[in-house]
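Derivation of every value follows stated rules applied to the coordinates shown; laboratory data play no part. Note that the structure is predicted; figures quoted are calculated from it, not measured. Quick reminder, even Gly has a Cβ in these numbers, built from the backbone with ideal geometry, and neighbours come from all protein chains shown.
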Amino acid sequence: MKKCGLALIALLSICPLMAQNAAPKAPSAAAEIFLVGSEHNMHFEERYHYSLIDLQAQVRSVHPDVVCGEITPEAYNGPMEGNFPPEVAMLAEMAPGWGMRFIPADWRVSFAWQDRATRQLSQDKKKSAELDAEENKDKAYYDGFSGVSLYDSTSGSAEFLAMADHKFEEVAGENTVADIAYGAWHERNRKIVENCLTEAGPARRIVFVFGSGHLPQLRRQLAARGLAAQIPARAFTPAGLGNLPPSVIARWQRNLKNLEGIADGTVAVSADNRAKVKDTNRAPVLRSEIELYLARGKAR
């Protein structure tokens, strides 16, 4: 009896841990889930016909309750926010005015771990060459764009999605050095889905807005939870670069100031985050994007 009692106590003691580690409760099966691919800095280039104004229109066209975006919860509204894609700050700033809730859903592996894997991968000449070939295919695909909108050629293209899937599933693989060098790609996308669904709760219409290369993996991770995801057809006519609200520009300016402060040591972050900022060197690009929209605002 004493042994049984101890066993029962032990079982009860691990129940909270089991609950914590259980899969998050997914939204209702009736929930509609959409995947909209973004193109980060390419939204600022006229020739791609997929501006930030167009991205806004695409997101709003599916009338979501929540928008899950490409930034980690710990970076959201903090010093590291500018190290994430520029459309994130725009969507976070504008979503409340559209009657939508923005959820920071990304996950990132430590810079130290990713950097170590990158250095290890460089020593594997055969695998490095295979991945370089895939990267060159991606570059050629973007460079060769001549369509109505880049959205059609990425999110809306079975060819592009198959290319992305091939690179990460068949060439890089899962739980490999290459996988970690790509930021623990499989675990990252699994956590993105988990973070989004956990925070979305009973939302009926959910949209993930992540780089278009994420879409095949996000769709796979959602399917593993019994959830179907739609990649909606283009719902906008390309409208050019347009103008953005002053609040978005101000948020970018704050993010730029933080990035510069992180790099020179005047803004306190962890050593790992400081290394990430120095490695990505996003500040000069963000500065040029801010200047582009400031100039457009003055020209109106």
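The H on the amide N of residue 102, modeled in the peptide plane, is under 5 Å from the matching H of 67, each at least 5 residues off or on a different chain.
Working note: Karplus 6.51/-1.76/1.60 with θ = phi - 60° gives the range 286-297 the couplings 4, 4, 5, 5, 5, 4, 4, 7, 5, 5, 5, x Hz, where Gly and Pro are set to x.
Determine Rg/Rh for the range 184-250; Rg is computed over alpha-carbon atoms and Rh is the Kirkwood hydrodynamic estimate from the same atoms.
Result for the range 184-250 is an Rg/Rh of 1.06.
Remark: the residue 243-residue 279 segment gains 9.9 nm on full extension, using 0.36 nm per residue and subtracting the alpha carbon distance. Angle of helix 246-264 to the longest C-alpha principal axis of the chain, folded into 0 to 90 degrees and rounded to 10: 70°.
Give the distance, in whole Å, between the Cα centre of the range 229-265 and the Cα centre of the range 184-221. Each part reduced to its Cα centre gives a spacing of 20 Å. Rounded to the nearest 0.05, the FRET efficiency derived from the C-beta distance between residue 270 and residue 41 at R0 = 25 Å is 0.45.
With Cα atoms as the point set, the range 208-286 shows a radius of gyration and Dmax of 18.1, 47 Å. Rounded to the nearest 0.05, the FRET efficiency derived from the C-beta distance between residue 292 and residue 171 at R0 = 30 Å is 0.30.
Pairs from the table (127/167; 125/167; 126/167; 139/257; 137/276; 257/278) lying more than 21 angstrom apart at Cα are 139/257; 137/276. Over every Cα atom in the chain, the radius of gyration and the widest Cα-Cα span, Dmax, amount to 20.9, 83 Å.
Helix 185-200 axis versus longest C-alpha principal axis of the chain: approximately 90°, rounded to the nearest ten.
Close amide-amide hydrogen proximity is noted between residue 211 and 38, each under 5 Å apart and 5 or more residues distant or on a separate chain (H modeled in the peptide plane; Pro and chain starts excluded).
Could you tell me the convex hull volume per residue, in Å³, taken over the Cα atoms of the range 59-115?
Spread over its residues, the Cα hull of the range 59-115 gives 84 Å³ apiece.
Once Rg and the Kirkwood radius are both taken over the C-alpha atoms of the range 142-263, their ratio Rg/Rh works out to 1.01. Compute the relative contact order of the range 50-193 as a whole-number percentage, counting only Cα pairs closer than 8 Å that sit 6 or more residues apart in sequence. Once divided by the residue count of the range 50-193, the mean separation gives 27 percent. Against the chain, whose longest principal axis comes from its Cα atoms, helix 111-122 is set at around 80 degrees. Contact order for the chain, expressed relative to its length and based on alpha carbon pairs under 8 Å spaced 6+ residues apart, stands at 33 percent.
For the range 217-292, the set of GluC sites (Glu not before Pro) satisfying both a DSSP loop assignment and a count of at most 11 other C-beta atoms within 10 Å is empty. Each residue, residue 143 and residue 299, gets one label point 7 Å from its Cα in the Cβ direction; the gap between the two is 2.7 nm. In sequence order, the range 31-44 has phi-based couplings of 5, 9, 10, 10, 10, 10, x, 9, 10, 6, 5, 5, 5, 9 Hz under the Karplus curve 6.51 cos²θ - 1.76 cosθ + 1.60, θ = phi - 60°, and Gly or Pro positions carry x. Need one word for the range 24-163: rounded, prolate or oblate. Basis is the Cα gyration tensor (sqrt eigenvalues a ≥ b ≥ c); a/c below 1.5 gives rounded, then a/b vs b/c decides. Note, shape of the range 24-163 comes out oblate. Per residue of the chain, the DSSP helices (runs of n ≥ 4 H) give a summed -39500 (n - 2.57) that works out to -16500 deg cm²/dmol at 222 nm. Under the simplified labelling scheme, the residue 74-residue 152 pair shows an inter-label distance of 4.3 nm, with each label point 7 Å from Cα along Cα→Cβ.
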